[in-house]
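**Q** Pasting a structure below so you can have a look.
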Amino acid sequence: MEKNKSTKNLTLDPENWPAIRQLGHQMIDDLFDYWENIRDEKIWKPIPDSVKQHLEQSIPEVGQSPEEVYREFREFIFPYNKGNVHPRFFAWIQGTGTPLGVLADLLASGMNPNVAIGEHSAMYVDRQVVNWCKELMNFPADASGILVSGGSMANITALTVARNSFQNENIRKKGLKAASAQLVLYCSVETHSCVQKAAEIIGLGTEAVRKIEVNERYEMLIDRLDSQIQADLAAGLLPFCIVGTSGTVNTGAIDPMDELLVVSKKYGMWFHVDGAYGALAKLDVKYASRLKAIEQADSLAFDLHKWLYVPYEVGCTLIRDADKHRESFAITPNYLLQEKRGLSGGLDSINNYGFELSRGFKALKIWMSLKEHGREKYAQMIAQNNRQAEYLAELVESHPDLELMAPVSMSITCFRMIKPGHSEDQLLDLNREILLRLQEEGIASPSSTILNGKYTLRVANVNQRTRMEDMDLLIREVLRIGREVEI
Ligand SMILES: *Cc1c(COP(=O)(O)O)cnc(C)c1O
């Protein structure tokens, strides 16, 4: 005992507090410089081999000073960022983040609570944010919800509840063998791949996912859905869940929510909405009525790191029937007992509503952001992105060398450059080259997709820094590069 007591106490805290405080201030200053000047910076830079080599070194055996570590960050990591903080980032569907959102993450990380159980402020902030999410989506106050890492987790969380709630079969306890036949899930060919993955993980299997055809606006065809359900019923299968998408990744298409709701009621099926990207388009009056029916869904998944512009990562699952939600996940091992008082008192464990136990304080960035701007400002921002997409489409349609490749829905515009006499293969090469040069020259970052077999540039805009003039610039540069390219 005595011998141990005399050994030196180790800690990971700094030896020199003033020095790390100064370094912290420096980091904050560098970040603010970065954000303030981002518009004038290149959106993306190729990563030199020397940098990649530096990031392949094996684990350090001994430490170095924080200043030295930060210097390496500045040299090898910071300059080669993805670019979604930049006003002309339009690839995939990726949010920008905001300064206060980042600072909130810093505070959350500094407090470092594990937001799963216990009587502490973060639990109440988390609950309030989930309640705000219900208000945003017009879900009933007695619905339940959980913040998760993103849309993929939000979808699998909801689909797990859908499966476990199927006809009181006690699937949670007995597994899928409790069902008398194969459970079948319906979505469209445009549905995000995470829905298929979720169906595989919750034991349904790929073959139990029916991908229904879409119309020319990429929206699920209701008569096809209905006849597929009929056929599956006739074959003795168990149709149990319909997944509608509010804003598909490819083109921002919206499945016909009212009709999906009717079909799900007709067959007594669970109605889930994947609104990872576009549920929040509800806030734009133009889309409010078309998205009204998602308020009636049994479950809804949506991302806050996309169209609420908060920093990564956070998504949300809402479940209409709170009991079904809890019954799907609640479990109380001896080491997670709740007490009446003290630190282990307080609210119901969040672990009773999802798979993850340890959770960070991701609610804080949403709480601070919604307080900073208010719902009204977000409605304007989302509408602004939608108008920018429409404006881009106008520019495309007014130019003879450009072709709009899909109707604009929400904030996604798909288009390509065309040249007289070019074959489809040549147009593919031309547009791919345009895309790559836009990125490599650091001008803008659209991404690409294939629509009806044709390669197309895809501009998806959940960017709070984009201005109308960025769309003019984008078109100018597409045309310039397109004319320079020899195909
Ligand atoms: C982004 C997206 C997802 C996946 O969400 P993550 O946050 O990336 O996990 C699922 N569905 C749709 C429609 C999406 O746009």
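**Q** Provide the percentage of antiparallel DSSP beta bridges, counting only those with both residues in the chain; round to the nearest 5.
**A** Details: 25 of 43 bridges.
If I count the DSSP bridges inside the chain, around 60 percent turn out antiparallel.
**Q** In terms of the Cα gyration tensor, with a ≥ b ≥ c the square roots of its eigenvalues, is segment 113-360 rounded because a/c is under 1.5, prolate because a/b exceeds b/c, or oblate? Provide the component values of the computation, followed by the final result.
**A** Working: a/c = 2.18, a/b = 1.35, b/c = 1.61.
Oblate, because a/c is 1.5 or more while a/b does not exceed b/c.
**Q** Using only the C-alpha atoms of segment 221-265, find the volume of their convex hull and express it per residue in Å³.
**A** Numbers: hull volume 3.5 nm³, N = 45.
So the per-residue Cα hull volume is 78 Å³.
**Q** Moving on. Need one number: nm distance between label points at D323 and T206, each 7 Å from Cα along Cα→Cβ, rounded to one decimal.
**A** 3.9 nm
**Q** So if we plug the beta-carbon distance of D13 and L347 into 1/(1 + (r/R0)^6) with R0 = 35 Å, what FRET efficiency do we get, rounded to 0.05?
**A** Details: r = 31 Å, r/R0 = 0.89.
It comes out at approximately 0.65.
**Q** Round to the nearest 0.05 the FRET efficiency obtained for S447 and N215 when R0 = 22 Å and r is the Cβ-Cβ distance. Before the final figure, lay out each step's value.
**A** On the way: r = 24 Å, r/R0 = 1.08.
Approximately 0.40, to the nearest 0.05.
**Q** Per 0.36 nm of contour for each residue apart, how much would the distance between I331 and S121 grow if the chain were fully extended, relative to their Cα-Cα spacing? Walk me through the numbers before you get to the answer.
**A** Working: separation 210, 0.36 × 210 = 75.60 nm, distance 2.32 nm.
Additional length available on full extension: 73.3 nm.
**Q** Continuing with this model, one more query. Each label point is 7 Å from the Cα along the Cα-to-Cβ direction; what then is the distance between the points at M468 and D29, in nm?
**A** So the label points at M468 and D29 sit 3.9 nm apart.
**Q** By average Cβ neighbour count within 10 Å, what is the ranking of 81-92, 427-438 from highest down?
**A** Details: 81-92: 21.2, 427-438: 19.1.
Descending packing order for the listed peptides: 81-92, 427-438.
**Q** Leaving out same-chain residues fewer than 8 places away, which lysines sit with a Cα under 24 Å from that of K371?
**A** Within the straight-line cut-off, K371 pairs with K134, K282, K306, K362.
**Q** Extension gain S423-N81, at 0.36 nm per residue separation less the Cα-Cα distance, in nm? Spell out each step's value before the answer.
**A** On the way: separation 342, 0.36 × 342 = 123.12 nm, distance 3.61 nm.
Taking 0.36 nm per residue and subtracting the Cα distance, the gain is 119.5 nm.
**Q** Can you compute the modelled spin-label distance between E61 and E376, with each label point 7 Å from Cα toward Cβ, in nm?
**A** 6.4 nm
**Q** From the residues Y287, L343, A330, which one has its Cα farthest along the dipole of segment 276-357 in the positive direction, the dipole being from +1 and -1 charges on Cβ of Lys/Arg and Asp/Glu about the Cα centre?
**A** Result: Y287.
**Q** Subtracting the Cα-Cα distance from 0.36 nm times the residue separation, let me have the gained length for N114 to E394 in nm, one decimal. List each step's numbers first, then the result.
**A** Details: separation 280, 0.36 × 280 = 100.80 nm, distance 4.85 nm.
Length difference between fully extended and current span is 95.9 nm.
**Q** Calculate for the chain the 222 nm mean residue ellipticity that helices alone would give, adding -39,500 (n - 2.57) per DSSP H run of length 4 or more and normalising by residue count, nearest 500 deg cm²/dmol.
**A** Details: 16 runs with 199 residues, N = 487.
Calculated mean residue ellipticity at 222 nm is -13000 deg cm²/dmol.
**Q** Tell me the GluC sites (Glu not before Pro) within segment 169-219 that lie in a loop according to DSSP and have at most 15 other beta-carbon atoms within 10 Å.
**A** Numbers: sites: E169, E190, E200, E207, E213, E216, E219; in loops: E169, E190, E213, E216, E219.
Here the GluC sites (Glu not before Pro) that fit, given the DSSP loop and packing criteria, are E213, E216.
**Q** What list of ³J(HN,Hα) values in whole Hz, one per residue of segment 276-283 in order, does the Karplus curve 6.51 cos²θ - 1.76 cosθ + 1.60 (θ = phi - 60°) give from phi, with Gly and Pro shown as x?
**A** Whole-Hz 3J(HN,Hα) from phi for segment 276-283: 3, 8, x, 5, 5, 4, 3, 6.
**Q** Checking a compactness column here: for the chain, what do you get for Rg(Cα) / (2.2 N^0.38 Å), N being the number of residues?
**A** Numbers: Rg = 25.0 Å, N = 487, 2.2 N^0.38 = 23.1 Å.
Relative to the rule-of-thumb radius for its length, the chain sits at 1.08.
**Q** Let me know the shape class of segment 3-72, please: from the alpha-carbon gyration tensor, a ≥ b ≥ c as square roots of the eigenvalues, rounded when a/c is under 1.5, otherwise prolate if a/b is greater than b/c, or oblate. Provide the component values of the computation, followed by the final result.
**A** On the way: a/c = 4.98, a/b = 1.65, b/c = 3.02.
Oblate.
FYI, it's all coordinate maths here, none of it is from the lab. None of the values given here were measured: they were computed from a predicted structure. Quick reminder, even Gly has a Cβ in these numbers, built from the backbone with ideal geometry, and neighbours come from all protein chains shown.
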